[in-house]
1. Just name the residue that is nearest to A:V7 (Cα to Cα) out of those in the range A:105-120 that are more than 16 Å from DNA strand B (Cβ to nearest atom) and either of a type in the set (S, T, N, Q) or not assigned by TED's automatic domain parsing to the domain that holds A:V80 (or both).
2. Checking the structure you have, find out if any residue of the range A:82-89 is surrounded by 18 or more Cβ atoms within 10 Å (Cβ to Cβ) and in contact (Cβ under 8 Å) with a residue 12 or more places away in the chain.
3. Of everything in the range A:130-160 that's out of contact with any helix residue (DSSP H, G or I) (no Cβ under 8 Å at 6 or more places or on another chain) and part of a loop (DSSP other than H, G, I, E, B), which residue is nearest to A:N187 (Cα to Cα)?
4. Among the numbered criteria (1) under 24 Å from A:L14 (Cβ atoms); (2) touching a residue at least 12 places away in the same chain (Cβ under 8 Å), which one does A:K123 miss?
5. May I ask you to list pairs of residues, at least six apart or on different chains, whose Cβ atoms are under 7 Å apart, with the first in the range A:192-206 being of a type in the set (D, E) and the second being not in a helix (DSSP H, G or I)?
6. I'm trying to understand the selection: among the residues of the range A:70-124, which are assigned to a loop (DSSP other than H, G, I, E, B) and either hydroxyl-bearing (S, T, Y) or within 19 Å of the chain's Cα centre (by Cα) (or both)?
7. Give me a count of the residues in the range A:238-266 that are assigned to a strand (DSSP E or B) and under 25 Å from the mean Cα position of the chain (by Cα).
8. Quick check on the range A:161-195: of everything there that is closer than 22 Å to A:K248 by Cα and assigned to a loop (DSSP other than H, G, I, E, B), which residue is nearest to DNA strand B (Cβ to nearest atom)?
Amino acid sequence: MPELPEVETVVRELKQNIVGKSIVKVDELRPDTVFHDFSTLPEYGKVISVNRRGKYIIIDTERNISLIVHLRMTGKLIIVNNEIPVTKHTRAIISFSDNTKLFFNDIRTFGTINIIPGKNKLKFFCKLGCEPFSDEFNTEHLATIFTRKKTPIKNLLLDQNCIAGLGNIYANEILYSCKIAPNRPANILSKTELQLLIDKTREILTEAIKQNGTSISDFRRVDNKSGSFQNFLQIYGKDVCCEGHPVKRIKSGGRSTFYCPECQKEDIE
DNA sequence: AAGGCAGCCTGTAAGC
DNA sequence: TGCTTACAGGCTGCCT
């Protein structure tokens, strides 16, 4: 599942491959993939930058148009030349003037491409929470947004309006690494635990980016290669934790939650 | 207001 | 063997 490290991996590879190329057109092969408010699709010009915000990929162009891609669960951006055929999962194609193309393949069809005027970017992302690597991600900020939130901490880690970029796998890993039980109400976490949460979040995301992300089901890089962080997972999908304790699996916020009842305390230390 | 959860979708795997 | 069912999960929107 593409989460922050997987999206960051794609963004870094796109930077090397499409910056400076002119976008000729964007074709939608399946309805409800490409969204825009233009009466006719605009001229794009060259790609001037590729960036990430949360799990969104932002492609900015010369003519001040932004293509905002969300991979959701199974979306992939694959750089291809003319010889590689469209598959039944190809939802959209971004074509460049040098005849290379960027295929947007997505088995489950939840992924989207939004084409918006650059000036609307702030509005597009206005509800999104803080970036884990930003200064805004600090204990004071977390204490503020967690106040009066009795929701399990795991659910809040997944809430993109609180923190942008975490998904189910990394939320599990971060909480195990902090020895915090996933069902702990967010508002009872201590200042020390919040700091630990911040440190471990950055540590795990940094290592995952270094490993080009986690290919636990079907994440692929732009050259269709896999990431390797799945080899370093400590709790997600495991039967026993690294201390040898049995791992418990529950549903929280409708998602599989793996935790070690021995290591992850439900009470404040 | 806040929180919980169905629904969107399709491929895979398990169960009968 | 072949059908059915459960599951995976990011995000929106509805309901309580």
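1. Among them, the one singled out is A:N114.
2. no
3. A:D159
4. (2)
5. A:E193/A:I180
6. A:L71, A:R72, A:M73, A:T74, A:T87, A:S97, A:T100, A:I107, A:R108, A:T109, A:F110, A:G111
7. The number of residues fulfilling the criteria is 9.
8. A:N183
The values are calculated or read from the model by the stated rules, or taken from the named source; none is laboratory data. All values reported here derive from a predicted model rather than from experimental measurement. With ideal geometry, Cβ positions are generated from the backbone for all residues, glycine too; neighbour counts draw on all protein chains shown.
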